[in-house]
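The values are calculated or read from the model by the stated rules, or taken from the named source; none is laboratory data. Because the structure is a prediction, the values reported are computed rather than measured. Please note: Cβ atoms are built from the backbone with ideal geometry, for glycine as well, and neighbour counts cover all protein chains shown.
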Amino acid sequence: MAGQEETFDSFEAFMAASSPGLLRFAYLITHNAEDAADAVQDALLGLLPKWERVISAGNPLAYVRRSIVNASHMRYRRFGRETPSQTLPETAGSDAYQAVEDVELAEKAFALMNKKQRVAVTLRFYEDLSFAEIGEVLGCSEATARSIVHRALGAVRERM
């Protein structure tokens, strides 16, 4: 389960186990395959020199997710509103037709959310994180994370 902490013997093991999920997470945040790959690469490069400290402090996935979210916010501020790409990263073990329908529905829902809401909803329902973990990634309290997800879902229900 994504919300549980795993232990890793090395940075390389962490990178091999986490990269596919981090890439999908980054795509859901950025809506652009190239930006997602860049964000994951940058986050992992930033983690490498801090590996021992981050791994001893706890959950390295939370650290990398936070790095991806921060990079996404900085890119948004620098370059303005992102445009969705036409290609998606491959998803393992899913029926192609259902995946396309799911992606189209998710894109419609995400278009109704602001960036922070997209991040919170992705962390909650795609990464299966608790509200406390979402708050850690977003840099807010558990109650605020809960509120962000609740408001995002309410806006989607109201408009769709």
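Selection over the stretch 134-160 of residues that are in a helix (DSSP H, G or I) and touching a residue at least 60 places away in the same chain (Cβ under 8 Å) gives a count of 3. Cβ-Cβ distances below 9 Å connect the following pairs, each with a first residue in the stretch 51-70 that is assigned to a helix (DSSP H, G or I), a second residue that is among the hydroxyl-bearing types (Ser, Thr, Tyr) and surrounded by fewer than 16 Cβ atoms within 10 Å (Cβ to Cβ), and a separation of six or more residues or different chains: Trp51/Ser10; Ile55/Thr7. Can you pull out the residues in the stretch 26-53 that are within 15 Å of Val69 (Cβ to Cβ) and either in contact with a His (Cβ under 6 Å, 6 or more places away or on another chain) or charged (D, E, K, R) (or both)? Selection gives Asp35, Asp38, Asp42.
Under the condition of being of a type outside the set (Lys, Arg), surrounded by 18 or more Cβ atoms within 10 Å (Cβ to Cβ) and more than 17 Å from Ser67 (Cβ to Cβ), the residues counted in the stretch 119-146 number 3. Each residue in the stretch 86-133 was checked for being at pLDDT below 80 and assigned to a loop (DSSP other than H, G, I, E, B), and 10 of them qualify.
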